[in-house]
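Have a look at the structure below before the remarks.
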Amino acid sequence: MEIYSEYSFWWLIPCLIISFGLAYLLYSRSEKEKGFSKGLRYTLTALRTLVLAGLMFLLLGPFFKYIERQVQDPLILIVQDNSSSVILAPDSAFYQGEYITQLGRLASNLEESYEVLAYRFDSEITNGLDIDFQGNRSDIGSTLTSLQERHINRNVGAIILATDGIYNRGSSPMNVASAAGLPIYTVAMGDTTIKRDLLIENIVQNRLAYLGNDFPVEVMIRADKLKDRTATLRIARQGEVLFTRSITIDDEDFVTTVPAVLNASSTGRIRYDVSLSVQPDEFIQENNFRSFYMDVLDSRQKILLRFAAPHPDIAAIRQAIESNENYEVVLESTARASGDLKEYDLVITHGIPQRKTGGAEIIDRCREANVPLWVIAGLQTDWSTLRNSGLGVDVQLKGGDNTTDASPSFERDFRLFDLSGELEEALSEWAPLQTSFAEFSVDNAAKALLSQRIGIVDTEQPLWFFKETDGHRSSVLLGEGLWRWRLQDHVSRDGHDRFNELIGKAVQYLAAKEDRRQFRVYAEERFDEDDPIIQEAELYNASYVPINDPEVTVTFTDEEGNTYEFLFNRTQAGYYLDAGRLPNGTYNYTALVSLEGETYRSSGSLTVEAIQVEAVRTQADHRLLYRMAQSTGAEMFYPNELDALEEALLNKEGIVPVIYTTEQMTDLIESRWLFFLLVLFLAIEWFVRKYKGGY
């Protein structure tokens with residue numbers, strides 16, 4: 001601790017002189033104090049001098065500076081791979097027994113010189129070395145990143161990474177290691193030899209099919225050291241074999257893709273089992289079997305696209321909608337209009353109502369049938385009829401048949417559905433639509449997605465808006481030329497993703513059915529076997545006010561009829577369930593709740609898919625581990641060399657304690673002890689003078 005001042009300490013001399021002078025005058029010239037003994041007067045003079053000098057000294061702004069030094073020992077992080085691929089080796093017994101003991105001994109020995117923290121990882125990182133080698137995934141990159149984030153302000157000396165180098169999730173560990181800035185010592189586990197094996201490497205298929213339709217499946221097969229063997233590929237559903245193919249393996253490093261076409265003959269979530277005939281001397285047989293699931297729907301949502309005259313917009317809209325297999329588009333001209341609109345989930349009109357052919361009655365028919373409507377107004381639109389249609393748009397023509405170009409300007413306040421940032425950016429670049437030269441306005445219930453930009457001026461006039469009246473949803477686009485947007489999207493991105501997103505989200509919003517259920521359960525339909533089963537539920541009373549007083553239970557039933565029952569937890573305005581992990585397979589669930597004497601239920605199904613990635617790649621990647629160690633200034637060791645690893649760490653020059661220095665400054669005037677000391681001096685002086693009759 002040191003004392004400093006804002007001014008030179010030489011000012012203490014005048015302070016002492018002035019203080020002594022004032023005290024001397026008090027006790028040498030006062031008649032009452034002249035009767036005090038000489039020693040008493042000297043003592044009181046000294047007390048008063050100290051008090052006055054102390055107060056004057058405080059005017060100099062003195063302060064204390066404290067310097068605190070903290071020594072932080074080096075931290076060694078031990079990280080053990082807990083994935084199942086580690087023990088897919090001839091010495092698996094060593095890894096599950098003696099190796100774990102040696103690793104614990106290494107941690108204990110290092111604790112004598114360093115601070116040591118141990119972790120295990122597979123798909124995520126966990127504290128401790130409770131190792132069972134049962135992890136379904138390996139994410140080395142995220143593990144290293146997590147370690148750095150957890151210990152960002154610590155004196156980390158080194159990381160010991162014990163793994164086989166196989167990763168099947170996350171980013172490249174080499175890139176993460178190079179950017180870590182600290183030595184990463186690797187322990188190379190697993191077996192680097194290529195094993196005799198036949199396996200299903202991947203299955204490629206759509207997740208959705210429609211009843212009665214055929215759907216393609218591609219099975220990727222790999223075989224190592226099985227040249228001149230023959231294998232049989234089978235695809236089955238509920239024990240019924242649907243596809244068989246004989247495969248001749250003509251290379252020691254054999255890879256092939258087998259295409260198959262299956263028929264969706266029943267609805268629901270259907271499980272298909274894919275298998276390869278087992279070879280007698282295969283290293284792993286489990287990777288010869290794999291399953292996939294298909295959601296087979298009974299029907300698509302039907303959309304009617306009615307037009308007054310052929311136009312390139314019609315093809316652009318149709319192609320964008322049909323990029324989503326959930327929709328089926330029916331084209332119909334006004335000249336051949338027929339059928340009941342109730343069979344459609346959405347009606348889109350282009351150029352209707354038209355001045356010559358009319359067609360305005362479809363607007364009223366959609367409203368009566370409560371079928372959502374999207375009107376695309378073109379240059380031949382009968383604006384007078386559209387203005388009186390009740391769709392919420394007012395049109396005041398300014399130049400007869402004159403037209404204008406209106407570029408899209410995205411409205412930031414639009415909240416009916418979200419658009420991606422890339423699409424919002426593209427809208428500002430796409431070509432203008434052609435519309436009539438007019439003044440457009442909409443009523444208060446309308447929500448504009450796009451407004452018109454004329455030249456470089458953003459106007460408040462709508463270009464595309466949405467409206468909902470008494471549960472009936474409608475939309476009006478005040479211009480034609482959407483086909484140019486699709487063309488520009490293809491030119492700039494070599495695809496139509498952004499244009500398809502724009503049309504798709506508008507259609508999805510308009511065609512969505514309003515959910516009036518009082519009890520609803522929300523859940524994902526697919527989970528990996530290492531994911532917890534999460535569900536949320538909402539309950540509404542007769543006034544559709546959310547409540548959560550009654551208990552909600554749910555029962556899961558697997559394919560063998562086994563049941564699993566759970567109770568939802570209450571949240572602030574609903575319910576939440578974490579059912580943990582369930583064995584892989586398909587489950588039907590039913591959630592129940594009782595409200596005012598009536599039982600409500602919500603049912604559905606979900607699939608827990610097996611993870612087999614650890615059995616797909618079994619050859620350890622020691623080359624990766626060597627490169628990681630070398631690039632960070634460390635070394636690679638094998639599991640039987642942990643003693644050498646300990647010695648290397650103890651002799652590493654850069655692993656040393658770090659001294660952190662902290663400076664703290666405190667103004668002397670804030671010191672309580674000084675305040676009480678000065679008060680004590682004054683109190684003693686006052687008491688003595690009082691006692692001697694000085695007052």
### Task
Taking the dipole about the Cα centre of the chain, with the C-beta of Lys and Arg at +1 and of Asp and Glu at -1, give me whichever of V296, G239, Q134 is farthest to the positive side.
Q134
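Please label the shape of the stretch 367-458 as rounded, prolate or oblate, based on the square roots a ≥ b ≥ c of the eigenvalues of the alpha-carbon gyration tensor (a/c under 1.5 means rounded; beyond that, a/b larger than b/c means prolate, else oblate). Please report the intermediate quantities before stating the final value.
On the way: a/c = 1.99, a/b = 1.14, b/c = 1.75.
Oblate, since a/c reaches 1.5 and b/c is not below a/b.
Please go through the stretch 504-596 and write out the GluC sites (Glu not before Pro) that DSSP classes as loop and that have at most 16 other C-beta atoms within 10 Å.
Those satisfying the criteria are E514, E524, E525, E529, E551, E559, E560, E596.
Need one number: % antiparallel among DSSP beta bridges in the chain, to the nearest 5.
Details: 119 of 166 bridges.
Counting DSSP beta bridges with both partners in the chain, the antiparallel share is about 70 percent.
What net charge is computed for the residues neighbouring D130, neighbours being all others with C-beta under 13 Å from the C-beta of D130, Lys and Arg scored +1, Asp and Glu -1?
Numbers: positive: R120; negative: D122, D132.
Charge balance near D130 sits at -1.
Once you sort the root eigenvalues of the Cα gyration tensor of the stretch 409-477 as a ≥ b ≥ c, which label holds: rounded (a/c under 1.5), prolate (a/b larger than b/c) or oblate (the other case)?
On the way: a/c = 2.13, a/b = 1.22, b/c = 1.75.
Judged from the Cα gyration tensor, the stretch 409-477 comes out oblate (a/c at least 1.5, b/c at or above a/b).
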### Query
chymotrypsin sites (Phe, Trp or Tyr not before Pro), restricted to the stretch 420-494: which are DSSP loop and have at most 16 other Cβ atoms within 10 Å?
F437
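Just to verify a number: FRET efficiency for V658 and A309, C-beta to C-beta distance, R0 = 60 Å, to 0.05? Before the final figure, lay out each step's value.
On the way: r = 79 Å, r/R0 = 1.31.
Result of the calculation: an efficiency of 0.15.
Please identify the DSSP H helices in the chain that span no less than 24 Å along the helix axis (Cα) and have a mean Kyte-Doolittle hydropathy of -1.0 or more. Provide the component values of the computation, followed by the final result.
Working: long enough: 12-29 (25 Å, 1.61); 38-58 (30 Å, 1.05); 672-691 (28 Å, 1.27).
Membrane-span-like by this rule: 12-29, 38-58, 672-691.
Step through the table entries K342/K467; K398/K467; K195/K652; K447/K513; K302/K467; K342/K398, compare each Cα-Cα distance with 28 Å, and write down the pairs that go over it. Write down the numbers at each step before the final one.
Details: K342/K467 20 Å; K398/K467 25 Å; K195/K652 38 Å; K447/K513 19 Å; K302/K467 21 Å; K342/K398 38 Å.
Result: K195/K652; K342/K398 exceed 28 Å.
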#### Entry: Loop chymotrypsin sites (Phe, Trp or Tyr not before Pro), the stretch 504-610 (other Cβ atoms within 10 Å of the site Cβ: 12 or fewer; DSSP)
Y544
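Cβ under 11 Å from S409's Cβ, S409 left aside: what net charge do those residues give with Lys, Arg +1 and Asp, Glu -1?
On the way: positive: R412, R453; negative: E411, E424, D458, E460.
Neighbour charge sum, excluding S409 itself: -2.
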### Task
Enumerate the amide H contacts of V156 below 5 Å, restricted to partners 5 or more residues apart or on another chain; note that Pro and chain-start residues carry no placed amide H.
L75
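Please rank K227, K398, fewest neighbouring Cβ atoms within 10 Å first, as an exposure proxy. Kindly include the intermediate steps, with their values, before the conclusion.
Working: K227 13, K398 10.
The order, fewest Cβ neighbours first, is K398, K227.
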### Query
How would you classify the chain from its alpha-carbon gyration tensor, with a ≥ b ≥ c the square roots of the eigenvalues: rounded for a/c under 1.5, else prolate if a/b is greater than b/c, otherwise oblate?
oblate
#### Entry: the chain - percent relative contact order, Cα under 8 Å, separation 6 or more
15 percent
### Message
Can you tell me, using C-alpha contacts under 8 Å and at least 6 residues apart, the relative contact order of the stretch 302-511 as a whole percent?
### Response
23 percent
### Summary
A chain fully extended from A93 to I67 at 0.36 nm per residue, minus the present Cα-Cα distance, gains in nm 3.8 nm
### Query
When ranked by the protection proxy of mean other Cβ atoms within 10 Å per residue, highest first, what sequence do the peptides 285-298, 328-341 form?
285-298, 328-341
#### Entry: Normalised contact order of the stretch 519-609, rounded percent, pairs of Cα under 8 Å and 6 or more residues apart
34 percent
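Values in this text are rule-based calculations from the coordinates and carry no lab data. Worth saying up front: this structure is predicted, and the values here are computed from it rather than measured. Positions of Cβ are backbone-derived with ideal geometry, glycine not excepted, and every protein chain shown enters the neighbour counts.
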